[in-house]
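Read through the structure below, which is laid out as structure tokens, and then see the notes.
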Amino acid sequence: MKRTLPAVLLSLTVPLALVAGCDGGGGGDAKKANAATGPITVWLSNNQEEVAWGKAMVEAWNAQHADQKITAQEIPAGKSSEEVIGAAITAGNAPCLIFNTSPAAVPQFQKQGGLVALDTFDGGAQYIADRTGDTAEQYKSPDGKFYQMPWKSNPVMIFYNKDLFAKAGLDPEKPALSTYDEFLAAARKIKAAKAAPFAIYPAPTSEFFQSWFDFYPLFAAETGGKQLVEDNKAQFNSPEGQKVAAFWKTLYDEGLAAKEQYNGDSFADKKAAMAIVGPWAIAVYGDKVKWGAAPVPTSTKKDKVETFSDAKNVAMYSACQNRATAWEVLKFATSKDQDGALLTKTGQMPLRKDLQTAYPDYFAKNPAYAQFADQAARTVEVPNVPNSVAIWQTFRDAYSESVIFGKKPVADAFSGAAQKVDQLASGS
């Protein structure tokens, strides 16, 4: 399905030549750079709403800091943002801050020597803990330091089309979707009534990040918040992982989910009655679809479930020479006021422990976002481990082969993938 801001493959618009314009120089004396103030360059995502927020944030900072001005650019064009950032690290000309750093890419950027530990600034770790709370622990690197500022999340839930549900004889206001059995029963009714060609249509393609929008949210919910890898060991080859896989395999085997790629938005185009999306979808679908939202299902009913965070964070890059300014800008950009502006402009959830109480007026005026804010308190991030992308690709390949296309038994595919993942997570 089509998504705004896919976690890795972004439609990027600024010419690569702009990379050369970033402050940097690489190397140098880190202690000196950490204490230095002056102009800095930052990169923003090319998402329209985020760019609007970024420009306003920069304007507010620059109005008060004539000698420490920010120059903001949209992230340069390339195959993926991670590729562009990795190349900039290698060239030593990355900007000071990138407001579009994927947690999955942090281990590789750190391995390249491209990131600055935020703990090196006075009160750095405490600032992150105070703003984000216990959730911040998921963003620590194996050495115990923060190389990324937890910034914003898009906790994913089940979106459903109320009109299509009504057509299938399902309750459009309070449909039973909380367990696998309930979800499958609803899916079968949708198919039988021909309300939509498919009940749900996650992308069946092989990109490593696609598992974040089918298997992983349900795995997080089923396990009570486990990551794919913990203590350098794969967690998916477990009874819980097998249950999640069996659920999705049933959907594919019965034709309730599609095995072909759809070049469009299957939910908006009514090719599917449901989708797994984050709060960004509220503005995208707006009045075009009469929608409802529900937590992702689990094998047995639970009062509260976890889900995938779909977060994007901010990192400071080691080419930055005026890091004292960059740190102050980072705090300014993640302040209560700026987080409120981000929430208002984008509908994305700042990674704050006091989210709902911090912005009561916003959630009172925008009740549709309140359930996502509640879900934002229970999110699971991708594991911060060596070879992160390779781990996800290994898992995706096994999942595609066994769950989607049925070419191999799930138990065999997951067992083999778990052995490879264990090796990769250990750094080998």
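Things worth noting here:
- Selected residue (criterion: farthest from residue 163 (Cα to Cα)) from residues of the stretch 185-209 that are surrounded by 17 or more Cβ atoms within 10 Å (Cβ to Cβ) and in contact with a helix residue (DSSP H, G or I) (Cβ under 6 Å, 6 or more places away or on another chain): 208
- Within the stretch 105-195, helices (runs of 4 or more DSSP H) holding 1 or more residues that are within 17 Å of the chain's Cα centre (by Cα) and touching a residue at least 12 places away in the same chain (Cβ under 8 Å): 106-111, 124-132
- A single entry from 251, 228 fulfils the requirement of being at pLDDT 95 or above and under 24 Å from the mean Cα position of the chain (by Cα): 228.
- Within the stretch 382-416, the residues that satisfy the criterion of being part of a loop (DSSP other than H, G, I, E, B) and either within 19 Å of residue 222 (Cβ to Cβ) or of a type outside the set (A, V, I, L, M, F, W, C) (or both) are 382, 383, 384, 386, 387, 406, 407, 408, 409.
- Residue match in the stretch 51-74 (condition: among the β-branched types (Val, Ile, Thr), without any contact (Cβ under 8 Å) to a residue 24 or more places away in the chain and assigned to a helix (DSSP H, G or I)): yes
- Within the stretch 313-338, residues that are assigned by TED's automatic domain parsing to the domain that holds residue 89 have Cβ atoms under 9 Å from residues that are in a helix (DSSP H, G or I) and acidic (Asp, Glu) in these pairs: 333/339, counting only partners at least 6 apart in sequence or on another chain.
- The residue of the stretch 63-105 that is modelled with the lowest pLDDT, among those that are under 22 Å from residue 350 (Cβ atoms) and polar (S, T, N, Q), is 81.
- The helices (runs of 4 or more DSSP H) located wholly in the stretch 328-381 that include 3 or more residues which are buried (at least 17 other Cβ atoms within 10 Å of the Cβ) occupy 336-346, 370-376.
- Filter result for residue 382 (modelled with pLDDT of 95 or more and either out of contact with any strand residue (DSSP E or B) (no Cβ under 7 Å at 6 or more places or on another chain) or of a type outside the set (D, E, K, R) (or both)): yes
- Residue within the stretch 119-137 that is closer than 23 Å to residue 49 by Cβ and small (Gly, Ala, Ser) present: no
- The one condition in (1) within 24 Å of residue 98 (Cβ to Cβ); (2) in contact with a strand residue (DSSP E or B) (Cβ under 8 Å, 6 or more places away or on another chain); (3) small (Gly, Ala, Ser); (4) in a helix (DSSP H, G or I) that residue 324 fails to fulfil: (2)
- Residue match in the stretch 287-302 (condition: at positive phi and either assigned by TED's automatic domain parsing to the domain that holds residue 199 or at pLDDT below 95 (or both)): no
- Listing of strands (runs of 3 or more DSSP E) fully contained in the stretch 225-316 that carry 3 or more residues being surrounded by 22 or more Cβ atoms within 10 Å (Cβ to Cβ): 272-277, 312-316
- Residue satisfying condition, being crowded, with 17+ Cβ neighbours inside 10 Å and of a type in the set (Lys, Arg), within set 152, 111, 69, 55: 152
- Positions within the stretch 215-237 being in contact with a helix residue (DSSP H, G or I) (Cβ under 6 Å, 6 or more places away or on another chain) and of a type in the set (Asp, Glu), in sequence order: 222
- Test: residue 176 is over 22 Å from residue 301 (Cβ atoms), at pLDDT 95 or above and assigned by TED's automatic domain parsing to the domain that holds residue 268: no
The values are calculated or read from the model by the stated rules, or taken from the named source; none is laboratory data. All figures in this text were calculated on a predicted structure; none of them were measured in a lab. Ideal geometry is used to build each Cβ from the backbone, glycine not excepted, and the neighbour counts take in all protein chains shown.
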